[in-house]
Amino acid sequence: MTTTGQTTTAHPRLARYLDGYQAVIGADIPAGAAELLPALDRLSMHDAPFPFATVDDFLPEDLYRSILANWPSQSGFDPVARFVEGQPKAYLGNRKERIIENFAGSDAPMATETWNRTRLALRHPEFVRSLFERFAGPLEEHLGLDRLQDRDQPNFKLYANQDTGATEALGAHLDAAPKLLTIVVYLQLEGDTDETSVNRYGTALYECRAGEHDFLNFSSNAAHRTAHQVQFVPNRAFIMPNSPVSLHGVAGSQDGVLRKTLMTGYWANKQ
């Protein structure tokens with residue numbers, strides 16, 4: 001593992017990305033905003049069915065409570081749409097989202113005290129570097145994909161997400177190829193939950209071979225064989241570097257249940 005601010009010859013593509021992230025996105029963030037860094041010492045790392053990690057009590061307790069207390073109003077959420085060549089396409093799932101920050105986007109981030117603290121902590125360069133270096137091998141390999149060769153501009157996105165309804169929450173899929181790593185923070189399940197809800201509203205990880213599925217191609221969760229089930233635990237973070245085999249989804253499908261999560265994505269954009 002490298003230390004903050006250094007690069008490594010073993011993972012040159014990752015080193016370039018992290019150096020670019022430091023310069024473009026990490027500049028001028030106060031050192032005190034690195035409050036999520038200690039949580040990385042408690043990561044539970046897994047290699048199967050693909051690399052991922054979980055960490056419980058991810059957010060400081062006061063921040064976790066403040067996020068729930070300052071959750072955006074229902075009118076601020078929009079259905080997630082899959083975009084291909086700039087056009088919205090059908091999307092499998094009932095998820096709705098609210099953008100907290102898209103660093104490269106044109107809209108101003110949500111900058112209230114709670115959301116400012118949250119977004120700065122999740123995009124702090126020391127936190128990002130330390131996290132990425134724990135997945136250095138998979139990230140180096142992913143950055144070598146042909147479709148990423150013209151994408152050398154780092155980006156950071158943070159969404160508040162809600163899943164509710166009798167249909168699937170989020171179909172089985174691989175993330176968009178330029179999305180390098182995802183953090184999903186499980187916040188709260190509300191409503192008519194039962195003993196199956198922690199599995200249905202966690203994240204299912206599916207068996208998948210390289211080349212078997214394309215990135216951002218959704219299908220029914222029921223069509224796949226679960227290799228590992230990450231259970232929904234409040235304030236648990238599920239962390240996953242992207243790859244051609246990281247097939248995952250959220251079954252949901254319990255009418256009267258509401259799932260609240262944060263989703264952080266670290267991207268490689270075109271200039």
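Rule-based calculations on the coordinates, nothing more; no lab input. Fair warning: this is a prediction, and the values are worked out from it, not measured in the lab. Cβ sites come from the backbone with ideal geometry, for glycine too, and all protein chains shown count toward neighbours.
State, to one decimal in nm, how far the label point of Gln188 lies from the label point of Arg42, with both points 7 Å from Cα in the Cβ direction.
2.0 nm
Would you mind ranking Met263, Met45, Met240 by Cβ crowding within 10 Å, fewest neighbours first? The partial results should precede the final answer.
Values: Met263 17, Met45 12, Met240 24.
With the sparsest Cβ surroundings first, the list reads Met45, Met263, Met240.
Treating only the Cβ atoms of Lys and Arg (+1) and Asp and Glu (-1) as charged, compute the dipole magnitude of the stretch 120-271 about its Cα centre; round to the nearest 20 debye.
Values: 14 positive and 18 negative charges, 72 e Å.
That gives the stretch 120-271 a dipole magnitude of about 340 debye.
Determine the gain in length on full extension of the stretch Ala166-Ala223; use 0.36 nm per residue of separation and subtract their C-alpha separation, reporting nm with one decimal. Intermediate values should be presented prior to the final figure.
Numbers: separation 57, 0.36 × 57 = 20.52 nm, distance 1.76 nm.
So the chain would gain 18.8 nm between Ala166 and Ala223.
Tell me whether the stretch 7-62 comes out rounded, prolate or oblate; compute the Cα gyration tensor, take square roots of the eigenvalues as a ≥ b ≥ c, and use a/c under 1.5 as the rounded threshold.
Values: a/c = 2.94, a/b = 1.10, b/c = 2.68.
Oblate, since a/c reaches 1.5 and b/c is not below a/b.
Would you please give the residues with an amide H less than 5 Å from that of Val257, counting only those at least 5 places away or on a separate chain, with H modeled from the backbone geometry?
Under 5 Å from the amide H of Val257 lie the amide H atoms of Gly165, Asp192, each far enough along the sequence or on another chain.
Take the Cβ-Cβ distance between Asp214 and Arg65 as r, set R0 to 51 Å, and report the resulting FRET efficiency rounded to the nearest 0.05. Kindly include the intermediate steps, with their values, before the conclusion.
Details: r = 40 Å, r/R0 = 0.79.
The pair Asp214/Arg65 has a calculated efficiency of 0.80.
In the stretch 90-231, how does Rg compare with the Kirkwood Rh, expressed as the Rg/Rh ratio over alpha carbon atoms?
Details: Rg = 16.8 Å, Rh = 17.5 Å.
Rounded to two decimals, Rg/Rh equals 0.96.
With the dipole of the chain worked out from charges on the C-beta (+1 for Lys and Arg, -1 for Asp and Glu) around the Cα centre, which of His11, Cys208, Trp71 lies farthest toward the positive end?
Positive-most Cα among the choices belongs to His11.
Tell me the volume per residue, in Å³, of the convex hull enclosing the alpha carbons of the chain. Please list the in-between numbers first.
Values: hull volume 35.7 nm³, N = 271.
With only Cα atoms used, the chain gives 132 Å³ per residue.
If R0 is 45 Å, what FRET efficiency do you get for Lys270 and Ser73 from their C-beta distance, rounded to 0.05? Walk me through the numbers before you get to the answer.
Values: r = 34 Å, r/R0 = 0.75.
Efficiency at R0 = 45 Å is approximately 0.85.
Determine the sum of side-chain charges near Asp152: Lys and Arg each +1, Asp and Glu each -1, restricted to other residues whose C-beta is under 10 angstrom from that of Asp152. Walk me through the numbers on the way to the answer.
Values: positive: Arg13, Arg16, Arg151, Lys270; negative: Asp150.
Value of the local net charge: +3.
7 Å from Cα along Cα→Cβ at both Ala104 and Thr9: what's the point-to-point distance in nm?
Distance between the two pseudo-spin positions: 3.1 nm.
Return the calculated 222 nm mean residue ellipticity for the chain, to the nearest 500 deg cm²/dmol, obtained by summing -39500 (n - 2.57) across DSSP H runs with n ≥ 4 and dividing by the residue count.
On the way: 6 runs with 53 residues, N = 271.
Result for the chain, helices only: -5500 deg cm²/dmol.
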